[in-house]
Every structure is written in C-alpha cells, then in structure tokens.
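Structure first, then comments.
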Amino acid sequence: TQWSLMSYLARINYTLKHKYLFSVNARVDGSSRFGTNNKYGFFPSLAVGWRISEEKFVKEFEPLSFINNLKIRSSYGEMGDDGALNYQFLTGYDYPSGGAVFGGEFINGIGFRGIANTYLTWYTSKTFNIGVDIDLWDGLLGFQYDYFIRKREGLFTDRLLSLPGTYGAKLPQENLNSDKTMGYE
C-alpha cells in the first residue's frame, strides 16, 4: 500500500510594463506505481494575459475612466495522474487474500496478483482556458468570466472481457478511457 512520488518543477513569470503577462511552467513527476519505462511524465503549461486597461488608448480616453482593470487571459496546461492501483507492472502475490478455517481458526491465504501491465502509465488532463477580468468604479463592480475545455486521456479502466475462472487471474487496468468537459463560469 505504500508508494512514492518525486517531482521537479520550474516556472518563469514575466511582466512587461504591467500590461503583458507571461508564465511558463514545466513539471516532471516520477511515480513508483509505474514500471521503469513509464515512471516519469512531463507536464507543461503556459499562460498569457493582456491588461488592456494599462494601454494608453484606454487610460487617456476620458469616457473609459471608470475602468480600473480590464484584462484578457488564456492558458493551456497538462497534468498527470498516477491514481492506478499500486505496482500493477509487477507479477506476484497478495497477502492476505482470502483464507480458510483450519482447526476452528481462520488462516489468511495468498492470492495471485493478476496479469502484470508494464505499459500502464500516467493519464493526462489537458486544459484550455480563456477569460476576462473587469473592475469598474474603483472596485464597486467587478466581473470575471472563464470558458474552459478539459480533456482527459488514458484514464484507467478494466478491459471489458471475461476470462474463464480456471485462468486464475483478472485482467489488469489499462489506459483505455477518455472524457471531455467544457464549461464556463
């Protein structure tokens, strides 16, 4: 039931004239839940923004003086998840697994772990976001709008296939599923 995770992170933020915003992130994660070939995953992200309210054509145009902050922004990022069952890349036995009563006492049994899957790896979540922030009349009214799309790929699932009970093992999880979520707030 024990597992470990190791991460390396890097981030660069840059702002030019308080108008143009830029951020790039890189993450490398390593998980003991996966075999040697799939242990590490690379997950980048990027965000940009433009504070239109800091532009001269907005600041110096008197009819727009009620605008304190007007910013549009967008981002794209990838994240990984290692939420698979522990150590499915190894064959072996689980203890305790079932058992039997001998002489009036329950004795734990040992069960076959199942078929190993050395190809199991991170599932990824890729998210795109675009939004706008507006603050008006010295903060008396504010508005924020975001639209996002998130696509997850390689979700862990069991293959829909049955094996005869005499086989003595169950099929391992695989990176087979995906889903897509879109929304706004």
> Can you list the GluC sites (Glu not before Pro) in region 52-121 that are in a DSSP coil and have 16 or fewer other beta carbons within 10 angstrom?
Replying inline: 55, 60
> Between residue 118 and residue 149, what is the FRET efficiency for a Förster distance of 45 Å, r being their Cβ-Cβ separation, to the nearest 0.05?
Replying inline: 0.90
> Within region 100-117, what residues put their amide N at less than 18 Å from the label point 7 Å along the Cα-to-Cβ vector of residue 85?
Replying inline: 109-117
>> Could you sort the peptides 152-159, 134-141 by per-residue average Cβ neighbour count (10 Å cutoff), highest mean leading?
In response: 152-159, 134-141
>> Taking loop as defined by DSSP and a crowding limit of 14 other beta carbons within 10 Å, which trypsin sites (Lys or Arg not before Pro) in region 55-142 fit?
In response: none
>> Tell me which of 75, 65, 40 sits at the most positive position along the dipole axis of region 1-150, charges placed on C-beta atoms (Lys, Arg +1; Asp, Glu -1).
In response: 40
> What are the ³J(HN,Hα) values, in whole Hz, obtained from phi via the Karplus relation 6.51 cos²θ - 1.76 cosθ + 1.60 with θ = phi - 60°, for each residue of region 61-75 in sequence order, with x given for Gly and Pro?
Replying inline: 9, 3, x, 9, 5, 6, 8, 8, 8, 9, 9, 10, 8, 8, 8
>> Sequence gap at least 6, Cα distance under 8 Å: using those rules, report the relative contact order of the chain to the nearest whole percent.
In response: 17
>> With a 1.4 Å probe and all protein chains left in place, how much accessible area per residue does region 98-185 have, in Å²?
In response: 70
> Expressed as a whole percentage, what fraction of the accessible surface of the chain belongs to carbon and sulfur atoms when a 1.4 Å probe is rolled over the protein heavy atoms?
Replying inline: 58
> What do the square roots of 5 times the Cα gyration tensor eigenvalues come to for region 94-158, in whole Å, largest first, as semi-axes of the equivalent ellipsoid?
Replying inline: 56, 20, 7
>> Residue by residue through region 112-117, what is 3J(HN,Hα) from phi via Karplus (6.51 cos²θ - 1.76 cosθ + 1.60, θ = phi - 60°)? Round to whole Hz and write x for glycine and proline.
In response: 5, 5, x, 6, 6, 10
> So for the chain, Kirkwood radius off the Cα pairs, Stokes-Einstein at 10 °C and 1.306 mPa s: how many µm² s⁻¹?
Replying inline: 76
> So what is the calculated 222 nm ellipticity per residue for the chain, using -39500 (n - 2.57) for each DSSP H run with n of 4 or more, over all residues, to the nearest 500 deg cm²/dmol?
Replying inline: -500 deg cm²/dmol
> How long is the gain from residue 161 to residue 40 if the chain were fully straight, where each residue apart is worth 0.36 nm and the alpha carbon distance is subtracted?
Replying inline: 40.6 nm
> Using a simple spin-label model with points 7 Å from Cα along the Cα→Cβ vector, what separation in nm is obtained for residue 106 and residue 47?
Replying inline: 5.1
>> Keeping every protein chain present and rolling a 1.4 Å probe, give me the accessible area per residue for region 1-56 in Å².
In response: 68
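The values are calculated or read from the model by the stated rules, or taken from the named source; none is laboratory data. Everything numeric in this text was worked out from a predicted model, so none of it was measured. Cβ atoms come from the backbone with ideal geometry, glycine included; neighbour counts cover every protein chain shown. With ligands, DNA and RNA removed, areas are computed over all heavy atoms of the protein, side chains included. Shrake-Rupley method; radii C 1.70, N 1.55, O 1.52, S 1.80 Å.
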